[in-house]
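See structure below.
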Amino acid sequence: MEDVVNAVVLVTNFLVVPATAYGCQLALGALGVTLVYGVLRFSNFAHGEIMAFGAMVTILVTWLLQSWGVGFGPLPTALLALPAGMAVTAGLCLLMDRWVFRFYRRSKAPPVMLLVVSVGLMFVINGLIRFVIGPADRVFTDGTRFLLTVREFKALTGLSEGLAIKTTQTLSVVVAVVLVAALFWFLERTRTGKSMRAFSDNEDLALLSGVSPEKVVAVTWLIVGALAAVAGTLYGLDKSFKPFTFLSLLLPIFAAAIVGGLGNPLGAIVGGFVVAFSEVFLTYPYRKFLAYLGPEDWRPDGLVQFLSTDYKFAVSFVILVVVLLVKPTGVFSGKSS
Amino acid sequence: MSDFPATLSARAGGMLRAPRKSALFAAMAALICLVGVAQSWSLALAILNLCLISAIMTLGVNIQWGYAGLFNAGVMGFAALGGLAGVLVSMPPVRPAWQAGGAGVVLALAAALVTIVAAVLVHRRIRQRGYRKLAVALVVVAGCFAARALFDPAVRAIEAVDPSVTGYLGGFGLPIVFSWFVGGALAAGAAWGAGKISLGLRADYLAIATLGISEIIVAFLKYEEWLSRGVKNVFGLPRPVPYEVDLQNAVWFQEWAATLGVSQVDLSSIVVKLCYAALFALVLVVLMWLSEAALRAPWGRMMRAIRDNETAAEAMGKDVTARHLQVFVLGSAVIGIAGAMLATLDGQFTPTTYHPLRFTFLIWVMVIVGGSGNNWGAVLGGFVVWYFWVEAEPMGLWLMDFITSPLAPDNPVRSHLMESAAHMRLVVMGLVLLLVLRFAPRGLIPEERR
Amino acid sequence: MSFLVGEELTGGYGGPDILQGCAIAAERGEITVVVGPNGAGKSTAMRALFGMLNLRSGTVHLDGEDITALAPQARAHKGMGFVPQTDNVFRSMTVQENLEMGAFVRDDDISETLDEVYGLFPALKDKRRQPAGELSGGQRQQVAIGRALMNRPRALMLDEPSAGVSPIVTRELFERIVDIARSGVAVLIVEQNARQALELADKGYVLVQGRNRFTGTGETLLGNPEVRKSFLGG
């Protein structure tokens, strides 16, 4: 019996907890992609870099706060800096729209044109980030590292397997839940939110109803920028901040958004967790887990790992392919076919 | 209604544009010569060779984007497959590795193939819906386990064979030029798969799917050591041209260098690079001729008709998705050829050098700057953008030095700016892409109306 | 002058002119119906009245005011409502939200209008929490009309309200449209279903190739042998 409990704790520690935190980060990223797609109708390849930009601004403000001797007790100082990061990133998005996207929107360019333009922006932002903060790896979390350490857990339960929960993981979940709740309240309950949904659902009819497209687009970019800054910062806090990684995050984020149906915010959240859990569960070696469940003194021969962790991005791709083959509109029926 | 005036004006435009085209190419040649005079001729030729390869890659992307409006975000992956072809074709086979695990790998591949065939058969035979999916899933999972059981020990055995030198199966020991064809074929195969899945859906899906497939191809090449040594890299790919050392040892060459009055080392380097340039130029000319012929043929007219109005073309009974698949495969094959040529030039295969900004998005800048839809434009774009990409670094450093010259040499702002100058070229490339798209969307050499 | 008047309307979607100088007028409290063969420019004429078409020449007046240069949104503010033929509801939004979107430009209390619309289409009240995309064709058409009514339009234009709706449901829909007209709205309908529409029309237009061919009360047009032969199938 104790073996079973140990197996469950093992899985929780190495799979459920990290996957939940990662799922929250992906969900926030995918929400940004899906909102842009819903309202502006193109896949924003610059989204990964927008996330990186938001994280960078947060890091810079964090350093500034730290240099003033300001801290946030047990929580990372970055949490105090986050609102600044959100505001600056939202501003960046508005500028991007004003200087770049608006022209193509008004000339009714095909979506793929906007996609190519977003690639150009990706270059620019990526270069700017490296110019400002450099390509190096940065760890910027401070405060208490663990909410629950392995030792505390073992002392508490007397089990041989430990369970640790990092502060940053908890933070990812809490911040994501608060933000998502606020976003859905906004979309479902407020006039502006409803007009955004209406615009995303049926642009012509929204215009007929007197919705101002410029306002909807501006509000969308504000939200997307703020969400991206949070997603980038949480990811950077949990792992580390490295400008390169955000380009490769693009694939799981798009996979998450497509699984849930592009343009569907609820779908993006579910998609984020589907991708995160599949990635973590398929690349985990189950050797020790099976050893707990199997008979005494028995261990599986190999690592019992479905895929090497090197291929974790392949998981999102496979999910993407399956969705495209089986149900291209996504599980929650997005906008496109 | 007659389109006669339109034809006339197009002809006049073509005539007007011919000098512009020549002038632009002449200017490009002058720029390369400038490097020769100011820096060194060896460097100038090195730039020229990469310009030629970039031009071929750009031609491939132009076939997809310019002819058909397909966005391929996976140029990197197709180019990397070309590099893999270089290894597989030219390196000598590693016999001990084949003995250790060759059979196992072949069996595993056979098992994978059988699984796919079985899955297809099951899918065809079983009619009930829910039951069918379950059966297919079971076949696939069982097949995966069977293949893995054969594959894992074989791979371990192969990778254990003299890991510091080989540890992989090696290639077929053929002349490396064949790899250019094989690279094209590998890339075409991968493109067929990606296109089959995502074409016919929204244009964005192709972009995302190709982004994914290229990431996976590169991951595969990095971690499958049994195939191409992964991050341990493969060095010393055989060359299609003479080695510098051999030239320097040849008596006729020593005499030639003496008559020209240049050092043997310099001359040998220049001669080798010229040989490469001749080979690459030959490939470029052939591909260019084929592309131009295709554009002029009814096939090209049909492709443009589909690009300009998909709905109308579909209404006229054209199978748009099938045409798109065709053009996507062709373009990717050209990218694969260029990838194999690049590995040939480098003489090595290093999977870690494949980075999307360099291999996917830079090629895109080349296409857009050159003039999408025009093969000459694509080639010129490849030349211009590669040239400035390489030369931007010294230029950027010089510029930063100039801008920050009022500051003291040990000023932290100055040292940070000097260090970061290299990153500015990403910003510049992005800005070039955005500005060209916005203010000169037809590029340096616009598409001709035929 | 009539309440809503389009005169000498000429223009198209960039290609050849679809409208070649046609004129349409609608009165408050009346139903005006535009019929004609396929490709006659019926829907185009309606889009022209709502400003969704770049007219080459011609004018549009609402209540004596020249609105030719106004954008569709501005015309919505002026009290014009438009129900497109297809895609005329927000599928992912609930019935109630669809109606709220109809009143988007209003700042005052909309609950009274909401009650009126639910009074007109009682079926919608029961389904008000359901996404509009899940409703049947007839109910979706009711949502579309209700959405347009929420802005309390003085002129309401309907593009083929009977499209994709069964004859029985169409009859009921038309009865509601008569109610709307009688409450003082100028109703303009474009219909493929010519006979049924002309039966309730106060005034009818027959358009052919972008020009007015016949004009008269619904009754006269139905009685006109030439109209019957060419457009009503004998």
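Just how large is the dipole of the protein assembly as shown about the Cα centre, in debye to the nearest 20, putting +1 at every Lys and Arg Cβ and -1 at every Asp and Glu Cβ? Don't jump to the answer; show the numbers that get you there.
Values: 83 positive and 73 negative charges, 271 e Å.
In debye, rounded to 20, the protein assembly as shown gives about 1300.
In what order do B:PHE439, A:PHE254 fall by count of nearby beta-carbon atoms within 10 Å, going from fewest to most?
Details: B:PHE439 7, A:PHE254 33.
Sorted ascending by nearby Cβ count, the order is B:PHE439, A:PHE254.
Of the three principal axes defined by the Cα atoms of the range A:2-326, the extents in descending order read 71, 55, 38 Å. Cβ crowding within 10 Å, taken as a proxy for footprinting-reagent exposure, orders C:SER230, A:SER209 from fewest neighbours to most as C:SER230, A:SER209.
For a Förster distance of 60 Å, can you work out the FRET efficiency between the beta-carbons of A:LEU95 and B:VAL251, rounded to the nearest 0.05?
Values: r = 67 Å, r/R0 = 1.11.
After rounding, the FRET efficiency stands at 0.35.
Within straight-line reach of C:LYS78, meaning a Cα separation under 21 Å, sit the following lysines at least 8 residues removed in sequence or on another chain: A:LYS215.
Taking the alpha carbon gyration tensor of the range C:139-234, multiplying each eigenvalue by 5 and rooting it gives semi-axes of 24, 15, 12 Å, largest first. Cross-link reach is defined here as a Cα-Cα straight distance under 30 Å, omitting same-chain residues fewer than 8 places apart; for A:LYS242 the lysines meeting it are A:LYS166, A:LYS312, B:LYS222, B:LYS232.
Summarising the strand pairing of the protein assembly as shown, around 60 percent of its internal DSSP beta bridges are antiparallel.
Here the calculated FRET efficiency for B:LEU113 and B:ALA440, from their Cβ-Cβ distance with R0 = 45 Å, stands at 0.35, rounded to the nearest 0.05. Scaling against 2.2 N^0.38 Å puts the C-alpha radius of gyration of the range B:94-169 at 1.45. Largest GNM mean-square fluctuation among A:LEU82, A:LEU208, A:LEU250, using chain A with Cα springs under 10 Å: A:LEU208. The range A:215-275 and the range B:424-440 have Cα centres spaced 25 Å apart. Working note: Debye formula, equal point scatterers on the alpha-carbon atoms of the protein assembly as shown, no solvent; log10 I(q)/I(0) at q = 0.04, 0.07, 0.08 Å⁻¹ is -0.26, -0.76, -0.97. If R₀ is 41 angstrom, what is the calculated FRET efficiency for the pair B:VAL141 and A:PHE244, using the beta carbon separation as r and rounding to 0.05? Computed FRET efficiency for B:VAL141 and A:PHE244: 0.75.
Averaging 1/r over each pair of different alpha-carbon atoms in chain B and inverting the result gives 24.6 Å, the Kirkwood hydrodynamic radius. For the range A:6-36 versus the range B:369-391, the spacing of their alpha-carbon centroids is 43 Å.
In percent, rounded to a whole number, the relative contact order of chain B is 30, using alpha-carbon pairs under 8 Å and six or more apart. Among B:ILE126, A:ILE269, the order by Cβ neighbours within 10 angstrom, fewest to most, reads B:ILE126, A:ILE269.
Calculated [222 nm] ellipticity per residue, helices only, for chain A: -22500 deg cm²/dmol; basis is -39500 (n - 2.57) per DSSP H run with n ≥ 4, divided by all residues, nearest 500. Put simply, the C-alpha atoms of the range A:220-337 give a gyration tensor, and the ellipsoid matching it has half-axes of 32, 19, 12 Å, longest first. Here the range C:13-92 and the range B:53-97 have alpha carbon centers that stand 55 Å from each other. Only aspartates and glutamates eight or more places from B:LYS318 in sequence, or on another chain, were considered; those with a Cα closer than 12 Å are B:GLU310. With contributions of -39500 (n - 2.57) from each DSSP H run of at least four residues, the per-residue ellipticity at 222 nm computed over chain B stands at -25500 deg cm²/dmol.
Expressed in whole Å with the largest first, what are the equivalent ellipsoid semi-axes of the range C:1-145 derived from the C-alpha gyration tensor as the square root of 5 times each eigenvalue?
Numbers: eigenvalues 186, 63, 39 Å².
Taking √(5λ) for each eigenvalue gives 30, 18, 14 Å, largest first.
A crude spin-label estimate for the pair A:TRP63 and B:SER415, with each label 7 Å from Cα along the Cβ direction, gives 1.4 nm.
No lab work stands behind these numbers, since they all come straight from the coordinates. None of these values were measured; they are calculated from a predicted model. When we count neighbours, we look across all protein chains shown, and the Cβ atoms used for this are built from the backbone with ideal geometry, even at glycine.
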